[in-house]
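**Student:** Handing you a structure now.
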Amino acid sequence: MGSMSQQQFENFTASSLYCEKCKTAMPVRERLLLVLPDKEIYDYLCTGCASSVGQREITAGEKVMAQKMAARRPRRSRPVQSIRL
Ligand SMILES: [Zn+2]
């Protein structure tokens, strides 16, 4: 079953990954590493020691999907403060 690793790879987008240096799961920072015509490669850096803990490729198709998803839900960039009663 080759789909097992695929599944894990998707979970890999979680905000924390195991860091070998820190010996624990650490929050990671996403950094755009490389832009190719059909995909983008992101590097994940440990926020504790800044070492690379993983990489991820996002294909053009995935990106379009993500953009569609993002467009669907309204952004809440600003906190609504006038909601108080
Ligand atoms: Zn680390």
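The values are calculated or read from the model by the stated rules, or taken from the named source; none is laboratory data. Everything numeric here is computed off the predicted structure, so don't read it as measured data. Every residue, glycine among them, receives a Cβ derived from its backbone with ideal geometry; neighbour counts consider all protein chains shown. Ligands, DNA and RNA are excluded from the accessible area calculation, which covers all protein heavy atoms including side chains. Shrake-Rupley method; radii C 1.70, N 1.55, O 1.52, S 1.80 Å.
**Student:** Quick check on my filter: what residues within segment 45-62 are open to solvent by 70 Å² or more (accessible area, probe 1.4 Å), assigned to a strand (DSSP E or B) and either of a type in the set (Phe, Trp, Tyr) or more than 16 Å from the ligand (Cβ to nearest atom) (or both)?
**Tutor:** The one that is open to solvent by 70 Å² or more (accessible area, probe 1.4 Å), assigned to a strand (DSSP E or B) and either of a type in the set (Phe, Trp, Tyr) or more than 16 Å from the ligand (Cβ to nearest atom) (or both): GLU57.
**Student:** Of everything in segment 23-44, what is among the acidic types (Asp, Glu) and within 16 Å of the ligand (Cβ to nearest atom)? Give them in sequence order.
**Tutor:** GLU30, ASP43
**Student:** Of all the residues that make up segment 1-33, how many are modelled with pLDDT of 90 or more, open to solvent by 80 Å² or more (accessible area, probe 1.4 Å) and not aromatic (Phe, Trp, Tyr)?
**Tutor:** Here the count works out to 7.
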